[in-house]
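Contents: one structure, followed by commentary.
The values are calculated or read from the model by the stated rules, or taken from the named source; none is laboratory data. This one's a predicted model, so the numbers in the text were calculated from it and none came from an experiment. Neighbour counts run over all protein chains shown; Cβ positions are idealised from the backbone, glycine included.
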Amino acid sequence: MTPSRVSAFQYIHYWRVSFSGSLFVSGNQSLPVTPFWDYIGNTSWQTCEQLSFTMSYNNEAITYTEMGIDVDGNPRLTLNLTSPLDPQDVLVWEEEWAFTVLDRRPPLPQISVEQSGHLDEIEELLGIDDYFWYTRATQLWKKGNATLIDLAQNIRDGLPEARQNNVLALIYATIRWIQTNIYRSSGVTDPQYPEEIITSQIGDCDDQSNLLICLLRIFNIPSYLMTGHWFQEGTRTNGFIWGSVAENAYRYVDYQNAVGHGWTMVYVPPWGWLPFDLLSVGPGVEASSTYAESLYKSDLPFVTLWQIVASDYIGQQRTDRTNLFAYELLRTDFEEWSSLGSVPIVDAEYLAANMVTLIALIITLGSLTFLVGLAIRRQPKEEPNRDSNAPTQ
C-alpha cells in the first residue's frame, strides 16, 4: 500500500523483484536468437540494483560479455549466447532486482497555452541533432501515413489561426481528439500501430501514447514513449497470451503485485520535456489533466523501466509471436514484486519552498513567547497585608 502523504516528508520505497522464465524449442527447426538482454537503468528518483542474474542453455551457464546501450538509449547486456537454438533446446533465466524509489519526482512547472512556445522555437532550444532524433519517422511512428497526416491537419485546422503553431495548443488538441475517438482497452493485449488504432478505435496506455507521439511527430514536436511499473499488492495477471497447450505452442505469463503503464514525454518550449499521460485520468476530463494529473506528477511510487525513441517493439513482438508458432515454442514468463517497506525522510524541496514561512513562524512564536514573558514580569505583585487590626498568628 502507498502511505499517505505527510507535507514535510516524502517516502523512500524498497522493493525486491524477481523475473524468471524459460523457452523450450519443441518443434523440429532451429530458432535464430539475438544475444541482447534488457537491463534497467537509474534515474534521479530511482536506484536499480541487479542482485543476481543467471541464465542457462541446456544446463550450461551463460554469462554476459559487456554492457552497452540500445538504439533507444536503454542499457542492455550482450550475452555469450550462441545462435541458433536447436530442437529440444531449453533456455532458462532468473533475475533478482532491488529497487529504491522516491515517491516524489523532481517538481514540474506550471504550464499554460498562453505561455507556450511555438513550433519554430523547438529546433534552436533542443539542438538540431536531438530535434531530428525525437521527430523522425520510424517503423513504429509512420509520419508518412496519409490517414495520419490528414488527421493531424484536421486537428491543426480546428484551432484558431493564432494558435496553430502553439506547441501546447497542438498537444491539447491532439489529446482531445484521442479522448473523444479512441476507447480504453483493458487486460493484456497485443499493441497496435497508430494507423491501426484509428480503425479499431480502441487502445490501452501504450497504444494511445503511440498515436499521440505519431501525430505530434507529424507536427515536428519531439516526443517518445516511456514505460514503467508500479507496485500494487494483490494484483495478478496470468494466462496464455499467445497459443495454448493444445496448439503445442504458447506464451504463458504470470505477473504479480505490479501493473505496467506507458505514457508520453513531449518537448514543450520554454519548459522542456514534460509527461502527458492519457490513461492516468478518467474519460471526459480536460486535456490539461493528462499533464496536471499524470502518473509522473503524482506521489504514486513507480519504477521507470525503458524508453522507446526509435525502435519498433510492436514489430518485434509480432515477429516473436510468428516464431512462437513456426518453431513450436513453449515460453513462460514470471514476474513477482515484493514490498520491503517504506521509510519517511525530510523533504528538502518542501522545506526549501516553505523556508520563509517556517522562519516567519519561528520568529512569531519567539516574539509571542517574549511578550508573554514580559507581560508576566510586569504583573503587579500582591502587597502584604498591612492592616493593624489583622489577626496575628
| remark: Among the residues of the range 73-97, the number that are among the polar types (S, T, N, Q) and either surrounded by 15 or more Cβ atoms within 10 Å (Cβ to Cβ) or outside any loop (DSSP other than H, G, I, E, B) (or both) is 2
| request: Would you mind finding the one in Ile149, Ile122 that is crowded, with 18+ Cβ neighbours inside 10 Å and assigned to a helix (DSSP H, G or I)? | output: Ile122
| task | Please go through the range 194-215 and pick out each residue that is among the charged types (D, E, K, R) and in contact with a strand residue (DSSP E or B) (Cβ under 8 Å, 6 or more places away or on another chain). | result | Asp204, Asp206
| query | Of all residues in the range 236-254, which are out of contact with any helix residue (DSSP H, G or I) (no Cβ under 9 Å at 6 or more places or on another chain), modelled with pLDDT of 95 or more, among the hydroxyl-bearing types (Ser, Thr, Tyr) and surrounded by 15 or more Cβ atoms within 10 Å (Cβ to Cβ)? | reply | Tyr252
| task | Test Phe276 against the stated conditions and say whether it is closer than 18 Å to Cys205 by Cβ, touching a helix residue (DSSP H, G or I) at 6+ places or on another chain (Cβ under 6 Å) and touching a residue at least 12 places away in the same chain (Cβ under 8 Å). | result | yes
| said: Anything in the range 80-117 that is under 16 Å from Leu329 (Cβ atoms) and of a type in the set (Val, Ile, Thr)? List them, or say none. | reply: Val90, Val92
| request: Search the range 82-95 for residues that are among the β-branched types (Val, Ile, Thr) and pair each with any residue that is loosely packed, with under 13 Cβ neighbours inside 10 Å when their beta-carbon atoms are under 9 Å apart and the residues are at least 6 apart or on different chains. | output: Val90/Asn58; Val90/Asn59; Val92/Asn59
| Odd one out for His261, checked against (1) in contact with a strand residue (DSSP E or B) (Cβ under 9 Å, 6 or more places away or on another chain); (2) without any contact (Cβ under 8 Å) to a residue 24 or more places away in the chain | (2)
| task | Being more than 30 Å from Ile128 (Cα to Cα) and modelled with pLDDT of 95 or more narrows it down to one of Glu233, Glu196, so name that one. | result | Glu196
| field | Top-ranked residue of the range 173-193 - restricted to ones that are assigned to a helix (DSSP H, G or I) and out of contact with any strand residue (DSSP E or B) (no Cβ under 9 Å at 6 or more places or on another chain), ranked as nearest to Val113 (Cα to Cα) | value | Ala173
| Tally, over the range 1-32, of residues that are at pLDDT below 95, in a strand (DSSP E or B) and among the small types (Gly, Ala, Ser) | 0
| query | For the range 286-296, does any single residue satisfy the condition of being charged (D, E, K, R), within 28 Å of Tyr14 (Cβ to Cβ), free of Cβ contacts under 8 Å to residues at least 40 places away in the same chain and outside any strand (DSSP E or B)? | reply | yes
| field | Every residue from the range 109-148 that is under 30 Å from Glu196 (Cα atoms), of a type in the set (S, T, N, Q) and within 25 Å of the chain's Cα centre (by Cα) | value | Thr135, Thr138, Gln139
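Residue-wise test of (1) out of contact with any helix residue (DSSP H, G or I) (no Cβ under 7 Å at 6 or more places or on another chain); (2) of a type in the set (A, V, I, L, M, F, W, C); (3) closer than 18 Å to Phe276 by Cα; (4) surrounded by 17 or more Cβ atoms within 10 Å (Cβ to Cβ).
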residue: Ala162; (1), (2), (3), (4): yes, yes, no, no
residue: Thr199; (1), (2), (3), (4): yes, no, no, no
residue: Gly203; (1), (2), (3), (4): no, no, yes, yes
residue: Leu215; (1), (2), (3), (4): no, yes, yes, yes
residue: Gly234; (1), (2), (3), (4): yes, no, no, no
| request: Could you tell me whether Tyr255 is part of a loop (DSSP other than H, G, I, E, B) and of a type outside the set (A, V, I, L, M, F, W, C)? | output: no
| field | Scope the range 141-200; condition touching a Lys or Arg at 6+ places or on another chain (Cβ under 6 Å) and more than 30 Å from Val253 (Cβ to Cβ); matching residues | value | Lys143, Gln164, Ala169
| Just for the range 54-72: of the residues that are surrounded by 14 or more Cβ atoms within 10 Å (Cβ to Cβ) and more than 24 Å from the chain's Cα centre (by Cα), which one is modelled with the lowest pLDDT? | Tyr64
| task | Please determine, by comparing only the residues of the range 308-350 that are of a type in the set (Asp, Glu) and modelled with pLDDT of 95 or more, which one is nearest to Val266 (Cα to Cα). | result | Asp312
| task | Run down Thr100, Thr135 and say which single residue is part of a loop (DSSP other than H, G, I, E, B), under 30 Å from Thr290 (Cβ atoms), in contact (Cβ under 8 Å) with a residue 60 or more places away in the chain and of a type in the set (Val, Ile, Thr). | result | Thr135
| request: Report yes if some residue within the range 263-286 is within 19 Å of the chain's Cα centre (by Cα) and under 22 Å from Thr332 (Cα atoms); otherwise report no. | output: no
